[in-house]
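Structure record follows, encoded as structure tokens.
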Amino acid sequence: MKIYFHLNLGGFSNCYLVVNERNREAIIIDPGRITEKIINRIEENEYKLAGILITHNHGSHVHGLKTLMKIYSPKIYGADWEIAEQSISLITGDGKIRLAGFTVHYMHLPGHTFDSMVYKIGNVLFTGDSLTAGRNGSTNSSYSDHILRMNIEEKIFSQQDSTVIMPGHGPPTCIGAERQFNINMQKENYRLSTSETRPQASPQLSKA
């Protein structure tokens, strides 16, 4: 597996091109902006774009989708129908799909947004905005923050320390580093937040 990183300067978001060198197929994760450089990399290496994975429906992660759909015919996966309407293959909960010769595990991680998904390919987690280097994603309520922390603890921190994290913004990190240094998941902060969180109503998760 080879991973190419591209920075979307418009939203300072990360776009990833994941290539299976055996069959020359590729996946794009979070096409915030599709540049000539990305297209050239696909065309010059004669990669087949087999699929697109969307971590969540925020503009800086999906704006380039229309460009890709005009050029290629990839399968599109995400948890919000509005991303691509009839063209999207909706995924919910936790599961796995086969794409570009890879087994792609997906996990629903609501909190930053209602549709936030995390994808695992090999030993790499693509976490979108749910988890970045040193901190969790932003939330718009104490209940959403509580749900996000619980999901990170259960689904992300259960991975091996050596698992690489490729976030939607900022530099890569790994599970071991986040266990030790993530400011939002420090035990004293986590216990305090949990004891203070007494949700009385349904969570209001951000969609935009």
In segment 33-42, is there at least one residue being β-branched (Val, Ile, Thr), in contact (Cβ under 8 Å) with a residue 60 or more places away in the chain and either in contact with a strand residue (DSSP E or B) (Cβ under 8 Å, 6 or more places away or on another chain) or within 22 Å of residue 88 (Cβ to Cβ) (or both)?
-> no
Do the conditions hold for residue 179, that is, is it basic (Lys, Arg), farther than 18 Å from residue 137 by Cα and either open to solvent by 90 Å² or more (accessible area, probe 1.4 Å) or at pLDDT below 95 (or both)?
-> no
So, in segment 44-59, of the ones that are among the charged types (D, E, K, R) and closer than 19 Å to residue 99 by Cα, which residue ends up most open to solvent (accessible area, probe 1.4 Å)?
-> 46
Give just the number: which of (1) open to solvent by 20 Å² or more (accessible area, probe 1.4 Å); (2) over 30 Å from residue 139 (Cβ atoms); (3) in contact with a strand residue (DSSP E or B) (Cβ under 8 Å, 6 or more places away or on another chain); (4) touching a residue at least 24 places away in the same chain (Cβ under 8 Å) does residue 2 not satisfy?
-> (4)
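Against the condition open to solvent by less than 30 Å² (accessible area, probe 1.4 Å) and modelled with pLDDT of 95 or more, how does residue 137 come out, does it pass?
No; evaluated as a whole, the condition is false for this residue.
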Of (1) of a type outside the set (Lys, Arg); (2) modelled with pLDDT of 95 or more; (3) surrounded by 23 or more Cβ atoms within 10 Å (Cβ to Cβ); (4) out of contact with any Pro (no Cβ under 9 Å at 6 or more places or on another chain), residue 113 fails just (2)
In segment 5-25, what residues are closer than 14 Å to residue 119 by Cβ and either open to solvent by 60 Å² or more (accessible area, probe 1.4 Å) or hydrophobic (A, V, I, L, M, F, W, C) (or both)?
-> 15, 17, 18
The residue from 49, 53 that alone is within 16 Å of the chain's Cα centre (by Cα) and of a type in the set (A, V, I, L, M, F, W, C) is 53
Residue 39 being over 29 Å from residue 145 (Cα atoms), in contact with a Ser or Thr (Cβ under 9 Å, 6 or more places away or on another chain) and surrounded by fewer than 22 Cβ atoms within 10 Å (Cβ to Cβ) | yes
May I ask you to verify whether residue 105 is in contact (Cβ under 8 Å) with a residue 12 or more places away in the chain and surrounded by 23 or more Cβ atoms within 10 Å (Cβ to Cβ)?
-> no
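The values are calculated or read from the model by the stated rules, or taken from the named source; none is laboratory data. Since the model is a prediction, treat every value here as computed from it, not as a measurement. Note that we place each Cβ from the backbone using ideal geometry, even for glycine, and neighbour counts take in every protein chain shown. These area figures cover heavy atoms from the full protein model, side chains too; ligands, DNA and RNA do not enter into them. Shrake-Rupley method; radii C 1.70, N 1.55, O 1.52, S 1.80 Å.
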